[in-house]
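Please read the structure below before turning to the comments.
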Amino acid sequence: MRRSNDRGGTRRSTYSRGGPSVFLLLLVSLAPSCGYHVAGRGNALPQEWRVIAIPALKNKTSNYRIEQRFTQALVREMISRTKYRVVPSEKDADAVLEGEISSLETTPVLFDPVTTRATLMLVSISLRVRLVDRESGKPVYQNAKLVFRNEYEIATDIPSFFQEEGPGLDRMARDFARTVVSALLEKF
């Protein structure tokens, strides 16, 4: 914007068009320091820990080798999302993540109207998890009431029969592992 002055010349205005936008830019650049952070990026565990032991979960059910699926999923998730070295034995670890599968129930939900055979099953699994500081023996995290549910179909056509229980349990194991590791890292 130009104004004329008394002497017949023109002079620049003291107002600048960029003033409000510079202020807005400054305000936006200060906003990230408000205390928020991206979920999944925190770590609420003690900084001095380097090694976490994850022994095989205890299996209190009659389902064969279910503890292996859930232990493997937990180890994979811990390795992929954290900086900790994961070992099976607690003797060299800073902390121990122990768990127990307390129950596994399978319930038919849908039935074929012709054969009256079950076509959809609901699987529910209950678990307990506890993370203990090995030096002090005190629990850092514990949840005694983890419950996961998943459905799987049972094919009624015998030639194309495919048992879906194994993949259904694998999905539940991955959900369990994600839930536990997120809870440990975010201190929920």
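What follows draws every value from the coordinates through simple rules; no lab data is involved. Predicted, not measured: the structure shown is a model, and the values here were computed from it. Cβ sites come from the backbone with ideal geometry, for glycine too, and all protein chains shown count toward neighbours.
Extension gain, ASP92 to VAL109, is 1.5 nm, computed as 0.36 nm per intervening residue step minus the present C-alpha separation. Among residues other than PRO46 with Cβ under 13 Å from its Cβ, the summed charge is +1 (Lys and Arg +1, Asp and Glu -1). For segment 39-102, the set of chymotrypsin sites (Phe, Trp or Tyr not before Pro) satisfying both a DSSP loop assignment and a count of at most 12 other C-beta atoms within 10 Å is given as TYR64.
In nm, what is the difference between 0.36 nm times the number of residues separating THR61 and GLU151 and their Cα-Cα distance? Full extension of this stretch gives 30.5 nm more. Counting only residues at least eight positions apart within a chain, or on another chain, the aspartates and glutamates with an alpha carbon under 19 Å from that of LYS91 are GLU48, ASP133, GLU135.
Scoring 141-154, 89-102, 111-124 by mean Cβ neighbours within 10 Å over their residues and listing the highest first yields 89-102, 141-154, 111-124. Only one residue of SER80, ALA53, THR106 has its Cα farthest out toward the positive end of the dipole of segment 44-186, where Lys and Arg carry +1 and Asp and Glu -1 on Cβ, and that residue is ALA53.
Normalised by 2.2 N^0.38 Å, with N the number of residues, the alpha-carbon radius of gyration of segment 44-186 equals 1.23. Under a cut-off of 17 Å between alpha-carbon atoms, report the lysines in cross-link reach of LYS58, not counting same-chain residues fewer than 8 places apart. Cross-link targets: LYS145. Of all DSSP-defined beta bridges confined to segment 44-186, some 80% are antiparallel rather than parallel.
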